[in-house]
1. Starting from the 7 Å offset along Cα-to-Cβ, what nm value, one decimal, do you get for the label separation of residue 186 and residue 215?
2. Rounded to the nearest 500, what is the chain's calculated 222 nm mean residue ellipticity when only DSSP H runs of at least 4 contribute -39500 (n - 2.57) each, over all residues?
3. With the Cα gyration tensor of the range 164-295 giving a ≥ b ≥ c as the square roots of its eigenvalues, does the rule (a/c under 1.5 for rounded; else a/b larger than b/c for prolate; else oblate) give rounded, prolate or oblate?
4. From Cα pairs below 8 angstrom and at least 6 apart in sequence, can you work out the relative contact order of the range 41-197, rounded to a whole percent?
5. By the gyration tensor of its Cα atoms, with a ≥ b ≥ c the square roots of the eigenvalues, what is the shape of the range 21-146: rounded for a/c under 1.5, prolate for a/b over b/c, or oblate?
6. Which whole-number percent gives the relative contact order of the range 1-133, counting Cα pairs below 8 Å spaced six or more residues apart?
7. Over the chain, what relative contact order in percent results from Cα pairs under 8 Å that are six or more residues apart?
8. In whole Å, how far is the Cα centre of the range 203-265 from that of the range 50-94?
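Read the figures in this text as sums done on the coordinates, not as results from a lab. Worth saying up front: this structure is predicted, and the values here are computed from it rather than measured. Positions of Cβ are generated from backbone atoms using ideal geometry, with glycine treated the same way; all protein chains shown enter the neighbour counts.
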């Protein structure tokens, strides 16, 4: 797909103003190391740091172990109970994949596909970061996403992350991945309805708009927000969302024993950096991700895919 075709497709999909504004923000900032986004320093944009970290791990004899850890993607389960969930959605199951970085570790993605093929779920959601790099070509990323999409059943909803360019949107949607770009959709089951909204990247490009994403959702309806980063937890909770699903942090990726993250590359409380959490009345889940960023290694932080089971009462013991 040529650049001109991508632009025409995006203008038709998003409107001329939105498309050109989003592309312009990317051109201005996509490889910036300092000053852009919610935090000041972006190691993922500093390519020399990738080589340095890899070299240090190789010299320490740890690189192969870290790579083996990154390939060993595990399945996690999370139960979400809410009195606002319609009875018709009791047991509704969501497969949650985040931070795939599909071109970083093919073996990890093969493991994700194999796990997903054996699962039963009603909906799959992807919470961003499909590309390994933060700029440059994305052909390999789309090819990897196409292979993974073939292993996924049913509808797939997604948002973009800080590694992703809006220029990937037409290719992703052509393969049956519906992007929610500050938009929402309604899912019906029997006589019940739930609403799922998704925002554009809030961490680096800061093009999120929760107000626009949630404007059509009734105030008393059960709603889920998909966001690449959980850093917008305050805004999401006060906007009335019942559940926030995100990623971005990788749980630290390279952690101390006990899973203590050295850094989460985020501006948020550490308690929200991995797994299930709650803020006011909103529940949340921060996936540690299935892939790896900067260097394809993991220590004391196993990669994951997650099944979220929704309940209209207390979850099973």
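1. So the two model labels end up 1.7 nm from each other.
2. Values: 9 runs with 88 residues, N = 317.
Counting only the DSSP helices, I get -8000 deg cm²/dmol.
3. Numbers: a/c = 1.94, a/b = 1.34, b/c = 1.44.
The shape class here is oblate.
4. Relative contact order of the range 41-197: 20 percent.
5. oblate
6. The normalised contact order for the range 1-133 reaches 19 percent.
7. In percent, rounded to a whole number, it is 25.
8. 16 Å
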